[in-house]
Amino acid sequence: MEKILMIDDDVKLTELAKEFLGSQKYEFISKHTPEEGLEYLEKNGVDIIILDIMLPGMDGFQVLRKIREGLSIPVIMLTARGDVTDRIV
């Protein structure tokens with residue numbers, strides 16, 4: 001079973017993702033702060049990460065840089081920002 005980690009402060013969104021992905025036979029873990037997500041990654045392996053850009057304390061780009069210091073796991077970035085520049089970045 002493939003393991004997905006979602007780092008997003010939107011609890012309702014992570015619950016919806018868990019409901020859907022769990023029904024598709026994925027193991028789904030959600031963390032709601034960058035620190036919780038990075039701590040989880042230090043101790044556990046995952047197959048893919050879904051990462052929100054707008055997080056409290058440290059943004060998703062900073063979290064991604066920390067992840068890339070030691071891991072090459074695929075990451076899907078989420079954003080609610082509508083600006084074209086934000087989407088391209």
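The values are calculated or read from the model by the stated rules, or taken from the named source; none is laboratory data. Here the structure is a predicted model, which is why all the values come from computation and not from measurement. Cβ coordinates were reconstructed from backbone atoms using ideal geometry, including for glycine residues, and neighbour counts include every protein chain displayed. Side chains included, ligands, DNA and RNA excluded: accessible areas come from the protein's heavy atoms. Shrake-Rupley method; radii C 1.70, N 1.55, O 1.52, S 1.80 Å.
Annotations for the structure displayed:
- Residue within segment 61-71 that is within 11 Å of the chain's Cα centre (by Cα), at pLDDT 95 or above, β-branched (Val, Ile, Thr) and in a helix (DSSP H, G or I) present: yes
- Taken over segment 13-49, the criterion of being assigned to a strand (DSSP E or B) and open to solvent by less than 30 Å² (accessible area, probe 1.4 Å) is satisfied by PHE28, ILE29, ILE49.
- Summed over segment 1-12, the residues that are more than 14 Å from ILE76 (Cβ to Cβ) and open to solvent by 90 Å² or more (accessible area, probe 1.4 Å) give a count of 2.
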